[in-house]
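A.B. asks: Here it is: the structure, laid out below.
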Amino acid sequence: MGYLDDEKWAKAWTVPALAEAKAAGRKLAMLTAYDASFARVLDRHGVDLVLVGDSLGMVVRGLASTIPVTVGDIAYHTAAVASGLSRALLVSDLPFLADATPERALDASQQLAAAGAQMVKLEGAGHKLETIRFLTEREIPVCAHLGLTPQSVLRLGGYKVQGREERAAARLHEDSVAVAEAGASMLVLECVPSAVAASVTATTPIPTIGIGAGPGCDGQVLVLHDMLGLDTGHRAPKFVKDFLAEGGSVAGAVAAYCAAVRDGSFPDAAHAYQ
Ligand code: KIV
């Protein structure tokens, strides 16, 4: 069945529809985009959510990490992506320290919303819970991001799978419930063992979107350049799959990715952590 055959999910996405998708067991396909042309391809070939990620620092600007990315960078790319979308919901990242205080996060979110973002994503729990509450009480929908949080790379000393030890897995569970209680509408889980992500998904009321978190999440996200098999100058993680190889074209790769997310065949065990 083509993605537009099911009328219910062919409409433009809204924040409340994400919760309906989780309740209905309808998997969400998300990809990053940074410009209008790719956004248009994603929007026309089945992607439900488009993320203007701070990954743009690494895959567009060629930086070593996401740390130097600014609100201005995200706003610029958000405006470009917004002009290519008519159906997919647009989520934009709050870059490093733009969410250091609730007030800074509100100011940054206002700029991103003005550029077209319908939701902002921020990394972590802890003191960020106050920020999630502050933003959602002021009508800014929030996507939380737990597990591997790339903005913590200086403290972590690298990009590593999170939640392997029992204590870390328990903490992930607590944080996922806390971000939902604080008002987050969605949760990205990055680089988490499949079983842990599946159990977080079962206990969290909001949709989970996995990246390196196994097939048990409510949806999946990949960085566009990774799923097109481009050499970004960074080592591709285990969970990355080149969909261009099977799709034959950018549009075909996007359609193949969406189909694989929806039927649960991506990610398989080879693209997940045990
Ligand atoms: O910046 C980004 O692209 C992200 C995804 C990896 C989830 O946060």
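A.B. asks: With springs only between Cα atoms under 10 Å apart, run a GNM on the chain and tell me which of 169, 115, 23 wobbles the most.
C.D. replies: Comparing 169, 115, 23 in a Gaussian network model of the chain, the most mobile one is 23.
A.B. asks: Could you compute the net charge surrounding residue 26? Neighbours are other residues with a C-beta less than 11 Å from the C-beta of residue 26; K and R count +1, D and E count -1.
C.D. replies: Details: positive: 8, 22, 27, 262; negative: 6, 20, 48, 218.
Net local charge, residue 26 excluded: 0.
A.B. asks: Please compute the net charge surrounding residue 163, taking Lys and Arg as +1 and Asp and Glu as -1 over other residues with Cβ under 13 Å from its Cβ. If you can, show how the numbers build up before the last one.
C.D. replies: Details: positive: 160, 164, 167, 171; negative: 165, 166, 174, 175, 190.
Around residue 163, the surrounding residues sum to -1.
A.B. asks: Using unit Cβ charges (K, R positive; D, E negative) and no other charged atoms, how large, in debye to the nearest 20, is the dipole of the chain about its Cα centre? Intermediate values should be presented prior to the final figure.
C.D. replies: On the way: 23 positive and 30 negative charges, 42 e Å.
With Lys and Arg at +1 and Asp and Glu at -1, about 200 debye.
A.B. asks: Rounded to the nearest 500, what is the chain's calculated 222 nm mean residue ellipticity when only DSSP H runs of at least 4 contribute -39500 (n - 2.57) each, over all residues? Walk me through the numbers on the way to the answer.
C.D. replies: Values: 13 runs with 116 residues, N = 274.
Mean residue ellipticity, 222 nm, calculated: -12000 deg cm²/dmol.
A.B. asks: Would you mind computing the Rg to Rh ratio of region 7-90 from its alpha-carbon coordinates, Kirkwood style for Rh? Kindly include the intermediate steps, with their values, before the conclusion.
C.D. replies: Working: Rg = 13.9 Å, Rh = 13.5 Å.
My calculation of the ratio gives 1.03.
A.B. asks: With all protein chains present and a 1.4 Å probe, how do 22, 121, 238 order by accessible area, largest first? Numbers along the way, then the final one.
C.D. replies: Working: 22 45, 121 5, 238 95 Å².
Ranking 22, 121, 238 by accessible area, largest first, yields 238, 22, 121.
A.B. asks: For region 7-271, what's the relative contact order in percent, using C-alpha pairs closer than 8 Å and at least 6 residues apart? Write down the numbers at each step before the final one.
C.D. replies: Details: 548 pairs, mean separation 48.0, N = 265.
For region 7-271, the relative contact order is 18 percent.
A.B. asks: Probe radius 1.4 Å, ligands and nucleic acids left out: which of 40, 171 has the largest accessible area, and how do the rest follow?
C.D. replies: Numbers: 40 90, 171 130 Å².
The ranking, largest first, comes out as 171, 40.
A.B. asks: On the accessible surface of region 7-271, probed at 1.4 Å, how many percent belong to carbon and sulfur atoms? Please list the in-between numbers first.
C.D. replies: On the way: 5810 of 10520 Å².
C and S fraction of accessible area: 55 percent.
A.B. asks: If you take the beta carbon distance between residue 76 and residue 167 as r and set R0 to 41 Å, what does 1/(1 + (r/R0)^6) give as a FRET efficiency, to the nearest 0.05? Can you show the working numbers first?
C.D. replies: Working: r = 41 Å, r/R0 = 0.99.
Approximately 0.50, to the nearest 0.05.
A.B. asks: Hey, what's the Cα Rg ratio for region 7-271 versus the globular rule of thumb, 2.2 N^0.38 Å? Don't skip to the end; give the middle numbers.
C.D. replies: Values: Rg = 16.6 Å, N = 265, 2.2 N^0.38 = 18.3 Å.
For region 7-271, the normalised Cα radius of gyration comes out at 0.90.
A.B. asks: While we're looking at this one, here's another question. Sticking with the crude label model, points 7 Å out along Cα→Cβ, report the distance from residue 67 to residue 156 in nm, one decimal please.
C.D. replies: Each label point lies 7 Å from its Cα, and together they span 1.4 nm.
A.B. asks: Please report the net charge: other residues with Cβ closer than 15 Å to the Cβ of residue 224, K and R +1, D and E -1. Can you show the working numbers first?
C.D. replies: Values: positive: 40, 44, 61, 241; negative: 35, 43, 48, 54, 93, 226, 231, 242.
Once positives and negatives cancel, what remains is -4.
A.B. asks: In square angstrom, rounded to the nearest 10, how much accessible surface does residue 262 have for a 1.4 Å probe?
C.D. replies: In the full protein context, residue 262 sits at about 70 Å².
A.B. asks: Something else: Please name which of 145, 194, 50 has its Cα lying farthest along the dipole of the chain towards the positive end, using unit charges on Cβ (Lys, Arg +1; Asp, Glu -1) and the Cα centre as origin.
C.D. replies: Of the listed residues, the answer is 194.
A.B. asks: What does the accessible area per residue of the chain come to in Å², with a 1.4 Å probe and no ligands, DNA or RNA counted?
C.D. replies: Details: 11210 Å² over 274 residues.
On a per-residue basis, 41 Å².
A.B. asks: Can you list residues from other chains, or at least 5 along the same chain, whose modelled amide H is less than 5 Å from the amide H of residue 89?
C.D. replies: Excluding prolines and chain starts, which carry no amide H, the hits are 13, 49, 50.
A.B. asks: Sticking with this structure for a sec: Return the distance in nm (one decimal) between the two label points of a simple spin-label model at residue 177 and residue 10, each offset 7 Å from Cα along Cα→Cβ.
C.D. replies: If labels sit at residue 177 and residue 10, their model points lie 4.1 nm apart.
The values are calculated or read from the model by the stated rules, or taken from the named source; none is laboratory data. Quick caveat, the model's predicted, so the values are computed rather than measured. Ideal geometry is used to build each Cβ from the backbone, glycine not excepted, and the neighbour counts take in all protein chains shown. Accessible surface areas use protein heavy atoms only, side chains included; no ligands, DNA or RNA. Shrake-Rupley method; radii C 1.70, N 1.55, O 1.52, S 1.80 Å.
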